[in-house]
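Please read the structure below before turning to the comments.
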Amino acid sequence: MYYAERMRRGVVLSAAIVATIAVIVGFVVGIAGGYFWGLSAVPAPVTVTTTKTVTAPGAAKTVTATSTVTATKTVTAPAAAPLAGKVIKVGVVQPLSGPLAYFGESGLDGVKFATDEINAKGGVLGAKIELHIEDFGIDYKAAAAAAEKLITVDKVNVVVGGFASGAGYTIEDVTEKYHVPYVTIGCSADTITARGYHWVFRTAPNSTEYMLMMGHVLSMLYPKAKRVAILAENSEYGQASLRAIKKLAPQYGWTIVYDEPYEKRTPDFRPTLQKVKATNPDLIGLVSYLTDAALIMKQSKEVGINVPISTISGAGPQTLKFIDLTGKGAEGMVMASEFWPNKKWPYLPAVMDISYKFWDKYKRPIDFQAWAGIGVMYIIKDAVTRAKSLDHTDLRNAIASTNMFLPWMGPILFYPNGHAGWWKYNLVTYQIQKVRQVDGIPANIPWQSNGLSFYAVYPPKAAVAALTTP
Amino acid sequence: MLSLEMVLALLPSSIVYGIFLGGLYAIIAVGLSMIFGVMKVINLAHGDFAMLGMYITFWLLTIFGVPPLLSLPVSFAVMFAVGFPFMWLVKPLFKRPLEEMINSSVILTYGASLALASGAQMIWTSNFRRVPNPYWGTTFSIGGIGLDMGYTVVFMFAVIVYLMLYFFLIRTKVGKAIRAVSQDPDAAALMGIDVDRMHTLSMGIGLGLAALGGSLLSLVYYLYPWVGEQLVLLMFIICVLGGLGSILGVFYGALIIGLAESIAVIFIPASIKDVVAYAIFLGILLIRPQGLLGGKM
């Protein structure tokens, strides 16, 4: 017994020693190997890490990659540039974990894509763009804390991001307090730019603009619809959209027969949908994000709803993922959106060019969030070029007087309240249709799922396909 | 608001939906209750183990083509095995006094929850996924009530697993030993029961049930790394309502919450339906602070 015990101890002890030695050897070999491999692989760049601050787990690798690009290019920057050697610090506050991460990452990819492009061309007047990325998950108070940290600790020149309108509110409070320009990614609630704030600029259309577009298209598509039920989620985005819909409904001859908000991310919408069905609507409008919209589409069939269902405000479900999750049932749905590759406004080859470049890099289409990420960086680049300064006030004034034209987006300028005033020209309605060859857009586009993709159908200047009644 | 006849028309199907939803909630929540019952550990990472179960089903289907229902035993087995190292993580807590141990277990498992969800996002990205299965969106109707094949299958399996668990705990010797440990670990040890082993076993079963519940949930819901966070609060409420530690209580608790959520929607906006569930929860706790069947396993 005693010997058995001792033997057991001996075995455990020696196993532990062997394991420890193995770990140490592993470390040494790993470090040494990595060092020598690093020596032989590529010559070390001249300047190192222009980019730091990474909080999001998924983002780490890509950002470091960015830094090498910027580093090698620093050497070739034109010496005469007025901002040569300076760094434009851009603070990015996005939801990168939790249920909104899918959209947050899309926006961040857009930001990185544009940053890489700008830095690869020598930066802005010789200054490199440096990203400081913060994640707020789903906690809007954390978004404010992140913005505060970016401003006070990292001393960023401009803050971008947000995605959710709720986060937009808390971030703009902070940027207003510190007098730092804030350009949103997303954040469509009307009120974001209606609070008299001086430092906020919104790149997304607001709820009213979405609704004006969707109301017009839906009354073309379903001219007989009179009784309209609205299923809006109980978030700031959902309720702001609902207010806009109710305000504008009479001008399309609609009576809103159901407008109760729902709890987002519920697994079972059937009790709600039953109640909607009982109000006997001609048309059901959704103000939802991705999964809720897809689940409502599916479960509406279960409770026997046969009337058309459409997103009605905001572009929440406008992603390939929505077609993935909904399947064939998605065909014929319309949604208004800032950007999707299949449109010919303002210039089709430019739209295709940037879409393919983006796809090759991130394997996702430029959706309404990715576009905002790209757009925001070009707005900042343009503002810095004109301001020739990185001072907060100069930058703010330069952004306010933005007046540029992107060949893949259209004109870009801001109203005095900070809202983007270009959506009258640039907002496009897309319909989910079968993928096929249309003018200038091949049938083998990568941004398709289940043989379906979004095609611009309205207004005519952007349309690549005809609006068809499903 | 709605007329009486409309309410009567909506009621039957709402009740059926509520029962089905309750069955789903019950199967995910029961492991949480069991782990607490036996070890007094509050496992806040429970939802994340369910999330892992969903991913197991997803990957088995997409890589090896295993039908989702066949992956149920696999996800149970995998998470049962994970129970052993997890137990090793939790075990040092047992040296502390009970009160302090419960508090520490909350902090420990919350950390585990964050690690699991973030890890899942690093490995599988924040993408939303769906387990393609023949039940998805297939409907049939009985007596005018439109039923979803997915929820029906999930409910059937939930009941089967529940009966198996119940039989295991009531009839088998090991089950009796587990119950004995949950009642009084010291007395159980004196009777010759290996308390440590029973702890590990029930941790394994608890996590296995979480994963199994997750696999079932993946038949009717989307999966993404943070789905566990969304589940855990509701599961916790169900367990407390039924009586933490009680297996049958969880089932009743889940049914009550499922029914409350479904029926409440007829009368109030869906966004505040949880208010009804929580009001019932508070009401029951006022009358029975130990939960519906608290104190019994």
*Here are some pairs, A:Lys155/A:Lys388; A:Lys226/A:Lys321; A:Lys321/A:Lys434; which of them have Cα atoms lying more than 22 Å apart in this structure?*
A:Lys226/A:Lys321
*Once you average over the residues of A:316-326, how many Cβ atoms of partner chains fall within 10 Å of each Cβ?*
2
*Residue-count net charge about A:Thr402 - beta-carbon cut-off 12 Å; Lys, Arg +1, Asp, Glu -1*: +2
*Please give the length that would be gained between A:Lys141 and A:Lys247 if that part of the chain were fully extended, namely 0.36 nm times their separation in residues minus their C-alpha to C-alpha distance (nm, one decimal).*
35.1 nm
*Whole-number Å³ per residue for the convex hull built on Cα positions in segment A:114-196*: 104 Å³
_Amide N of segment A:374-409 lying under 20 Å from the label point, which is placed 7 angstrom from the Cα of A:Lys424 along Cα→Cβ_ = A:400-406, A:409
*Express the relative contact order of chain B as a whole percentage, based on alpha carbon pairs under 8 Å and six or more residues apart in sequence.*
37 percent
*Using the Cβ atoms and a cut-off under 9 Å, what net charge is assigned to the surroundings of A:Ala462, where Lys and Arg are +1 and Asp and Glu are -1?*
+3
*What is segment A:199-308 by shape, rounded, prolate or oblate, if you read a ≥ b ≥ c off the alpha carbon gyration tensor as root eigenvalues and call it rounded for a/c under 1.5, prolate for a/b larger than b/c, and oblate otherwise?*
oblate
*What does the charge count near A:Val438 come to, summing +1 for each Lys or Arg and -1 for each Asp or Glu among other residues with Cβ under 13 Å from its Cβ?*
+3
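In peptide B:149-155, what is the residue-averaged number of other protein chain Cβ atoms found within 10 Å of each Cβ?
What the average comes to for B:149-155 is 1.
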*Check the straight Cα-Cα distances from B:Lys91 and name the aspartates and glutamates below 14 Å, setting aside those fewer than 8 residues away within the same chain.*
B:Glu100, B:Asp196
*Could you list the residues of segment A:433-458 with an amide nitrogen less than 20 Å from a label point located 7 Å from the Cα of A:Tyr356 in the Cα-to-C-beta direction?*
A:435-449, A:453-456
*Apply 1/(1 + (r/R0)^6) to the Cβ-Cβ distance of A:Thr279 and B:Trp59, taking R0 = 45 Å, and write down the FRET efficiency to the nearest 0.05.*
0.60
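How many partner chain Cβ atoms sit within 10 Å of a residue's Cβ in peptide B:127-134, on average, as a whole number?
Shielding by partners across B:127-134 averages 4.
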_Can you give me the distance in nm between label points at A:Glu117 and B:Trp88, each placed 7 Å from the Cα along the Cα-to-Cβ direction?_
5.1 nm
*If you stretched the chain out fully between B:Ala77 and B:Phe140, how much longer would it get, using 0.36 nm times the residue separation minus the C-alpha to C-alpha distance?*
19.4 nm
*Linear extension gain, B:Leu11 paired with B:Ala187, 0.36 nm per residue minus alpha-carbon span*: 58.4 nm
*asked:* Quick check: pseudo-label points 7 Å beyond the Cα along Cα→Cβ at A:Thr469 and B:Leu233, how many nm apart are they?
replied: 4.5 nm
*Taking the highest mean first, how do the peptides A:237-244, B:162-169 order by number of other beta carbon atoms within 10 angstrom per residue?*
A:237-244, B:162-169
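Specify whether the C-alpha gyration tensor of segment B:1-134 places it in the rounded, prolate or oblate class, a ≥ b ≥ c being the square roots of the eigenvalues: rounded for a/c under 1.5, otherwise prolate if a/b is larger than b/c and oblate if not.
oblate
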*Antiparallel as a % of all DSSP beta bridges within the protein assembly as shown, to the nearest 5?*
40 percent
*With a point put 7 Å past each Cα toward its Cβ, work out how far A:Lys461 is from A:Ser401 in nm, to one decimal.*
2.6 nm
*Given charges at beta-carbon only (K, R positive; D, E negative), |dipole| of the protein assembly as shown in Debye*: 720 debye
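Which of the residue pairs A:Lys275/A:Lys343; A:Lys112/A:Lys461; B:Lys40/B:Lys173; A:Lys298/B:Lys273; A:Lys149/A:Lys424 have a Cα-Cα distance greater than 27 Å in the structure shown? Intermediate results must be reported in sequence, preceding the final value.
Values: A:Lys275/A:Lys343 38 Å; A:Lys112/A:Lys461 30 Å; B:Lys40/B:Lys173 22 Å; A:Lys298/B:Lys273 21 Å; A:Lys149/A:Lys424 36 Å.
Cα-Cα > 27 Å for A:Lys275/A:Lys343; A:Lys112/A:Lys461; A:Lys149/A:Lys424; rest within.
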_Alpha-carbon Rg with Dmax, taken over the protein assembly as shown, Å_ = 28.4, 93
*asked:* Which aspartates and glutamates, if any, have their Cα less than 14 Å from the Cα of A:Lys86, not counting same-chain residues under 8 positions apart?
replied: A:Glu130, A:Asp391
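Every read-out reported here was derived from the displayed coordinates using simple, explicitly stated rules and does not represent laboratory data. Quantities reported herein were computed from a predicted structural model and do not represent experimental measurements. Here Cβ is always computed from backbone atoms with ideal geometry, including for glycine, and neighbour counts include all displayed protein chains.
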